[in-house]
Amino acid sequence: MQIIVGICGFAASKKRIFSSKLGIIEVQKTFYGFPRETTFERWRNEAPESMEFSLKAPMLLTHEPSSPIYRKSKFKLTEGEKEYFGTFKLNEKSEKIILRTFKIAKILNARHLVFQTPKSFNSTQKNIEIAKNFLSYVKKKFYGKVCWEPRGWDPSIADGLCKSLNIIEITDPFARLPSHPQDVYYFRLHGSPPGERMYRYTYTDNDLKELYETITTLSFRTCYVLFNNVAMFNDALRFISILGKK
């Protein structure tokens, strides 16, 4: 049973991150746009060989272009292009984005591709079929593990779909755990005590001890624990320190 701790994005200088005890970095830049491929080549060369990268899929694939989040996007769409993107649409244009994402993942040697859908894309019967079709397509094409954080979904429906597709269901362990056993767990911690979302929250020592106790009740080969709050870098290092004492 291996626990690998990391953060979502470069929350400190790359020098500090690459010289730290973190085991994984989830790349966020690809959610907002596509930097030059040389950028990813440089990151992979600068990072320790033992440090993993995972990749967050572009908002073009997960969020409707009408979403306010596109204000931060570097993707520029014409009015005619908008109908081809968002909430797991699968067509010739979105497939090109998927394939380019795969190429970046390959450069980073990223074994996990993360899809995070918004609460507005909830578990209606129509959306269940859309998600099943899209995620099945990606799973067949991607060389690594497909991971999905289904915000706004009925937990039993999300659990069932992820289990049937054999993909990793992402949850925040302070909110809930997947109901089905997974060989690999991928947790994203949003700085949120149960029932809340508080990005500015800093985890207490008791929180981190509770997290350890929760994780060690599970049976797995690998468990990824990625902090995604304002204090993510320090919180992740504090959690690694707790693991070192066990």
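The values are calculated or read from the model by the stated rules, or taken from the named source; none is laboratory data. Bear in mind the structure is a predicted one, so any value in this text is a computation, not a measurement. Here the Cβ is made from the backbone with ideal geometry for all residues, glycine too, and neighbour counts use every protein chain on show.
Here are a few things to note about the model shown:
Every residue, every condition in (1) touching a strand residue (DSSP E or B) at 6+ places or on another chain (Cβ under 8 Å); (2) modelled with pLDDT of 95 or more; (3) part of a helix (DSSP H, G or I), yes or no:
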position: ILE107; (1), (2), (3): no, yes, yes
position: LEU113; (1), (2), (3): yes, yes, no
position: ASN122; (1), (2), (3): no, yes, no
position: LYS132; (1), (2), (3): no, yes, yes
position: TYR143; (1), (2), (3): no, yes, no
position: VAL146; (1), (2), (3): yes, yes, no
position: SER192; (1), (2), (3): no, no, no
position: GLY195; (1), (2), (3): no, no, no
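- Scanning the range 173-196 for any residue that is of a type in the set (Phe, Trp, Tyr), more than 21 Å from ILE7 (Cα to Cα) and touching a helix residue (DSSP H, G or I) at 6+ places or on another chain (Cβ under 9 Å) turns up nothing.
- The residue of the range 110-137 that is farthest from GLU41 (Cα to Cα), among those that are more than 15 Å from the chain's Cα centre (by Cα) and among the β-branched types (Val, Ile, Thr), is THR124.
- Number of the condition not met by GLY6 [criteria: (1) over 30 Å from ASN91 (Cβ atoms); (2) surrounded by fewer than 16 Cβ atoms within 10 Å (Cβ to Cβ)]: (2)
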